[in-house]
Amino acid sequence: MPYIHRTIEKKITEVSKEYSCVILIGPRQVGKSTVFRHLMEGTPRKEVTLDDMTERRLAKEDPALFLEMHPAPVLIDEIQYAPELFSYIKIKADNGAAPGSYWLTGSQAFRLMTLAQESLAGRAAILHLSSLSQAELYGDGISSPFTLDLSALNERATHQQPATAQAIYERIWLGGLPGYRSEKYTDRDVFFGSYVQTYIDRDVSDMIAGVDKLLYADFIRAVACRAGQMLNVHDVAMDIGVSDDTAKRWLAVLEKSEVIFYLRPFSNNLIKRTVKTPKLYFFDTGLVAYLTRYPSPDVLMNGAINGAILENYIVSEIVKTYRNQAKDCLLHYYRDKDANEIDLVMEDSGALHPMEIKKATNPRAELVGAFRLLDKASMPRGVGAILCLRETLSAIDRQNLIVPAWLI
């Protein structure tokens, strides 16, 4: 199976020259260990995984001896199983461990970030890896953070593979989990079914003592049905028969595991009537399509969630372009109490850039009318765009572009 190059490789190499510890965080099976293994080929670095119960026991009971048995440079996989190691790695860093000495991976993002911030503040570079982006799957893997700068968009077009509307929905349906996209596993239903079961057995069960695993599987499906929509915790809770408080706790686990993420509503001291509810998205749309039981890209393209899942795909792809460069994505949505809405509002270069997401190949010019709602904000309104299924980059006017989904 050919290795699929990851955009984040360059950033890993850069920070490994400055920090003694590099932590790669992300959900299960997105390729954290694989990208590290690729980068350590031909180097003296060794690997140890804490999935090995003997190694895990040693790391927990005698972390000093564990680090003597596995001297730097070393890759320690699934380090969340032995948090005792963090304070000893801190000692190694304080005693002059060379840059790049410790590469660490883990699947419980929130827990790992907490441990790293407590023990390795200033000593570790923390990077986030999501499932494969379309730039990695359908381009040359060269991708800068997405902006609406016209010259940057023209440059992106030289690195990406154009796609029709049907091809975009195929990308959405397939998703970006490396085990499936590399064709290591070919039965889609078996792959995603095993993925969900393993996630619940190993990650969810570790974070929620005594969780009802079958009920949690139903919960994930109920959440997937609401991808790309404003979050209504009560509706999710009612769907599966749990309390609102339980649904909130279970949603927090999905977020901490980096299975889902939220977009917060745009707010500004000069715009008073905006809503407070976040919108919910999955990092991988292939998982959403599986959980919502769409059997093919064509059925998905014509199904009830076709608009919501397209929005999920576009938003997650934008976020990935920033995460792969270790940058924050200042992305929001706008909705006020009069139901006026803008799908996306990006803060970039001191301006607000409004964007609408439409399942259309020739979007109407009047779709940008809502962008004027941002004129009351304290930041100036910059170039806006309609992100859609058109196959070529175009424009409505100088201030409003038409950007194909494949160009993100």
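The values are calculated or read from the model by the stated rules, or taken from the named source; none is laboratory data. Nothing here was measured: the structure is a model prediction, and the numbers come from that model. Neighbour counts run over all protein chains shown; Cβ positions are idealised from the backbone, glycine included.
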Qualifying residues in region 175-201 (those that are over 18 Å from THR285 (Cα atoms) and under 20 Å from the mean Cα position of the chain (by Cα)) - the one surrounded by the most Cβ atoms within 10 Å (Cβ to Cβ): ILE200
Extreme residue, farthest from the chain's Cα centre (by Cα), among residues of region 26-39 that are in a helix (DSSP H, G or I) and of a type in the set (Lys, Arg): ARG37
Any hit, region 152-172, residues being of a type outside the set (Asp, Glu), in a helix (DSSP H, G or I) and in contact with a Lys or Arg (Cβ under 7 Å, 6 or more places away or on another chain): no
Subset of region 164-174 that is hydrophobic (A, V, I, L, M, F, W, C) and more than 11 Å from SER296 (Cα to Cα) - its residue that is surrounded by the most Cβ atoms within 10 Å (Cβ to Cβ): ILE168
Residue in region 311-334 that is farthest from CYS225 (Cα to Cα), counting only those that are of a type in the set (A, V, I, L, M, F, W, C) and touching a helix residue (DSSP H, G or I) at 6+ places or on another chain (Cβ under 7 Å): ALA326
Hits in region 19-36 - residues which are more than 12 Å from ALA326 (Cβ to Cβ) and out of contact with any helix residue (DSSP H, G or I) (no Cβ under 8 Å at 6 or more places or on another chain): LYS32, SER33
Any hit, region 184-199, residues being within 22 Å of GLY139 (Cα to Cα), part of a helix (DSSP H, G or I) and among the small types (Gly, Ala, Ser): no
Region 362-408 - residue that is in contact with a helix residue (DSSP H, G or I) (Cβ under 6 Å, 6 or more places away or on another chain) and among the β-branched types (Val, Ile, Thr) and, of those, surrounded by the most Cβ atoms within 10 Å (Cβ to Cβ): ILE386
For MET1: the one exception among (1) free of Cβ contacts under 8 Å to residues at least 60 places away in the same chain; (2) not in a helix (DSSP H, G or I): (1)
Among the candidates GLN117, GLN134, residue that is over 30 Å from ASN95 (Cα atoms) and either modelled with pLDDT of 95 or more or surrounded by fewer than 17 Cβ atoms within 10 Å (Cβ to Cβ) (or both): GLN134
Close pairs (7 angstrom Cβ cut-off, 6 or more residues apart or separate chains): outside the structural domain of GLN29 (by TED's automatic domain parsing) and farther than 12 Å from ARG28 by Cα in region 195-208, aliphatic (A, V, I, L, M) and in a helix (DSSP H, G or I) anywhere: MET207/VAL253; ILE208/VAL253
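Rundown of residues vs (1) in a loop (DSSP other than H, G, I, E, B); (2) over 17 Å from the mean Cα position of the chain (by Cα), yes/no style:
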site: TYR290; (1), (2): no, yes
site: VAL299; (1), (2): no, yes
site: ILE309; (1), (2): no, no
site: GLU317; (1), (2): no, no
site: LYS327; (1), (2): yes, no
site: ARG335; (1), (2): no, yes
site: ASP338; (1), (2): yes, yes
